[in-house]
Each structure stands twice: as structure tokens, then as C-alpha cells.
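Take a look at the structure set out below.
The values are calculated or read from the model by the stated rules, or taken from the named source; none is laboratory data. What you see is a predicted model; the values in this text were computed from it and never measured. Counting neighbours? That spans all protein chains shown, and the Cβs are built from the backbone with ideal geometry, glycine included.
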Amino acid sequence: MNVRLQGAAVLLVALCVATGSAACGKAKEAERAGGPASGNGVDIGVLLPDSTARFYNFDRPLIEKKIHELCPSCSVEAVSAQHDVATQQQQMDAMITKRAKVLILDAVDSKSLRSSVDSARRAGTEVIAYDRLAEGPISGFVSFDGERVGRLQGEALLKALGAKAHGGQIVMMNGSSTDPNAAWFEKGALAALKSKVRIGKSYETVGWRPANANINMSGAIAALGADRIDGVYSANDGLASGIISALKAAKIEPLPPVTGQDAELAAMQRIVKGEQYMSVYKPFKPEAYTAATMAVALVRGERLDGIAKDRINSATTRDIPAVLLTPISVTAGNIKNTVVKDGMYTIDQICTPKFASACEKAGLTR
């Protein structure tokens, strides 16, 4: 919280004390949602890796909403690590100091956060791994089936390749090795692609950064030749943006099919325009609501057996209660029946004037 906001919060609390205003409760709620808790502790901490549109607009508010529906008296504090491991470690330490009962953790780096997860367990704080599996004594895990995500991407790429699905050459732009999900995505994709296409180049993309994907893709074009890349497996939409920029810079036309994941708004627009072939939609509501339900159960001292029917192993812990949700492939043909139908985006959000003609051609505005 910056100095201006902190001063405002102190003033508002003082006014509430003086007047007995009902706004006091709302002020406390807003403070919990945006920064450090002002009370003596916190029941449930939500530790997100960054403040991207996905986490700010979808995951965080959905998690908080469901927690408060299930447990109106539960205090919630949500923070973002801004993709910095040291920051997230400090945030976990702060939550533990505040005697948080449960932490919902989307780890920036699954290995580096292990010591913090160990510290939480020693302090009696339960940790639920959210979206990606962290190492250490995790109490529960909720995400989407990573191998299924990769298989959807691989199968879609083969479909887009058409006649080149047998013997064509592709580039694989995988995620970061610090994220166990990236290995699952790659495994699923290879299960679909191997023995069907040649993998000319395969990269790990450090930090999941689009700029690194752009550099890698430029290197692949230089090494393989602009006319010898039939398709690109991209582990997510952010990487796809960097890949497509490199393909355009090399003046490759038409663009080869490029996959993605996360159903970002910009990706939906690229798909409509024909620059990106597909993305993987992972409905945020069931993921966020499941994490919230798990957290409230643990706050109440309940077991997760009734919620988590799956079991998963990490590098350090076996038989972690887990919920693995089903992802959905999104192409131009089913945008309306997936992300629009579920209320993630409206037609107007996707079909801005810049994309109006492409949207009409894709049947979104007819």
C-alpha cells in the first residue's frame, strides 16, 4: 500500500470509530482485498504470481467472492508477487507471521517456494497449491489436467497442418522449467505430435516471457529457414504473441498455425484475425471456486476427501488431494459458444473496430 493510500485508510478508520459508520466494515474488506491486513491476523491468504489481467480480473475476485459466500466471517488477504520469487517468499513469511490458517498459493517458482511451504507447515498453516503444483508439504491442489492441455494443443496443431500433419516440421516453444505445468503441457503435446511431425527446434522459455519466446523464434527462423516452419507449438498465449511478432518481422506469409493457452482477450482477437490458430480455455470460475471451497474446509478443520477425488504426486510429496479440471480447445469456430457464452468476454470486447471485419467473417457479429 503506498503512502497516500495508507494515509487514506488511517483517516477512514478514524472516521469510522468516531461515527460508528457502516462503511468501516467495507473499508476493512477493501484493505484485505488490496494489501496488508490491518487486524491481528488473516484466515486465508491468496498469493498470486503476478497482476496480469487473468489474475486481477478473474481468479482473485472469484476466489474472494466464494470464500465470503461460504464463510462471511473469514478474513482474506490477496497479494501479488509481480513474478518475483523473493517477493513471494517475503509475502508467505508475512502471512505466516499473521498466523494465517490457510494459504492459496500460485507459486512463481515451484522449487524455490519449497522452504516457505515447509515453514508454513511447521507454523500450522495449510497450503493449497493453485493452478501450478508447488513442492513441499502441500495440503491440496487444484488446476487443470496439464497433460490434457498439451494434448489438446498438439491435436489442434495437427488438424491445422492438414496434409503436413505427417512429415511437416514444427517448432516447440515450451514454458519455463520452474513451472511443473510446463512439463505436463509438453508431455501431452508430444504424445499427440511425436512420430507424426519433425520437431526442428524445441525451446524452454525462461520465465514464460513473450520477449524470450520472440528471441527463440527468431533463432529458429534463422536456423531452419523461413519457408521450412510449418507450425509452432506455443505453450500459452503470451508466448504466442512473441512468436507471431517474430514471424511477422521475418515477413513469413501466410503465418503458420500457432497454438496457445489461457484464452486471453488479445489471443481471441488474434484467432479471429487468423494470426493464431487456437487457445485452451480453462474456465476460471470452477478453479477459483474449488480453491476457495478447499480453503474454507481447511479453516474449519475438515478433510478434503469430499472435495478432492484425485491424487497427485509432486517431487517431494505423494498422494496430494487434487481436483484436476477439464480444459477446452478454442478456435474461431467456437469462441461464441465458449468464452462468450460463459461471460468471460463480450462480443463487443473482442470485436473492437480494429477487428470488426474479421469478426464478421468469423461469424461473431452476424
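Below are the figures for this structure:
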{"item": "Residue tally, condition buried (at least 21 other Cβ atoms within 10 Å of the Cβ) and over 23 Å from ASP262 (Cα atoms), over segment 135-152", "result": "4"}
{"item": "Count of residues meeting criterion [hydrophobic (A, V, I, L, M, F, W, C) and out of contact with any helix residue (DSSP H, G or I) (no Cβ under 8 Å at 6 or more places or on another chain)] in segment 273-302", "result": "4"}
{"item": "Within segment 147-173, tally of residues that are part of a helix (DSSP H, G or I) and over 22 Å from the mean Cα position of the chain (by Cα)", "result": "8"}
{"item": "Elements of type strands (runs of 3 or more DSSP E) in segment 247-366, at least 2 residues being touching an Asp or Glu at 6+ places or on another chain (Cβ under 9 Å) and under 29 Å from ALA165 (Cα atoms)", "result": "279-281"}
{"item": "Among residues of segment 342-366, those that are under 20 Å from the mean Cα position of the chain (by Cα) and without any contact (Cβ under 8 Å) to a residue 24 or more places away in the chain, counted", "result": "1"}
{"item": "All positions within segment 57-84 that are assigned to a helix (DSSP H, G or I), out of contact with any strand residue (DSSP E or B) (no Cβ under 8 Å at 6 or more places or on another chain) and modelled with pLDDT under 95", "result": "ASN57, PHE58"}
{"item": "Matching entry among THR331, THR346 (being surrounded by 13 or more Cβ atoms within 10 Å (Cβ to Cβ) and not hydrophobic (A, V, I, L, M, F, W, C))", "result": "THR331"}
{"item": "Candidates ARG122, ARG114, ARG99, filtered to the one that is more than 14 Å from the chain's Cα centre (by Cα) and free of Cβ contacts under 8 Å to residues at least 12 places away in the same chain", "result": "ARG122"}
{"item": "Tally, over segment 327-366, of residues that are in contact with a Lys or Arg (Cβ under 7 Å, 6 or more places away or on another chain), closer than 27 Å to GLU155 by Cβ and either at pLDDT 95 or above or not aliphatic (A, V, I, L, M) (or both)", "result": "3"}
{"item": "Boolean, LYS196 is surrounded by fewer than 19 Cβ atoms within 10 Å (Cβ to Cβ) and either under 23 Å from GLY167 (Cβ atoms) or in contact with a strand residue (DSSP E or B) (Cβ under 9 Å, 6 or more places away or on another chain) (or both)", "result": "yes"}
{"item": "Sole residue being in a strand (DSSP E or B), of a type in the set (S, T, N, Q) and in contact with a helix residue (DSSP H, G or I) (Cβ under 9 Å, 6 or more places away or on another chain), chosen from SER119, SER115, SER110, SER143", "result": "SER143"}
{"item": "Among the candidates SER218, SER202, residue that is touching a residue at least 24 places away in the same chain (Cβ under 8 Å), of a type in the set (Ser, Thr, Tyr) and in a helix (DSSP H, G or I)", "result": "SER218"}
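Residue-by-condition table, conditions (1) at negative phi; (2) surrounded by fewer than 18 Cβ atoms within 10 Å (Cβ to Cβ); (3) in the same structural domain as VAL85 (by TED's automatic domain parsing); (4) hydroxyl-bearing (Ser, Thr, Tyr):
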{"site": "SER119", "(1), (2), (3), (4)": "yes, yes, yes, yes"}
{"site": "GLY124", "(1), (2), (3), (4)": "no, yes, yes, no"}
{"site": "LEU157", "(1), (2), (3), (4)": "yes, no, no, no"}
{"site": "LYS164", "(1), (2), (3), (4)": "yes, yes, no, no"}
{"site": "GLY168", "(1), (2), (3), (4)": "yes, no, no, no"}
{"site": "MET173", "(1), (2), (3), (4)": "yes, no, no, no"}
{"site": "THR178", "(1), (2), (3), (4)": "yes, no, no, yes"}
{"site": "ALA191", "(1), (2), (3), (4)": "yes, yes, no, no"}
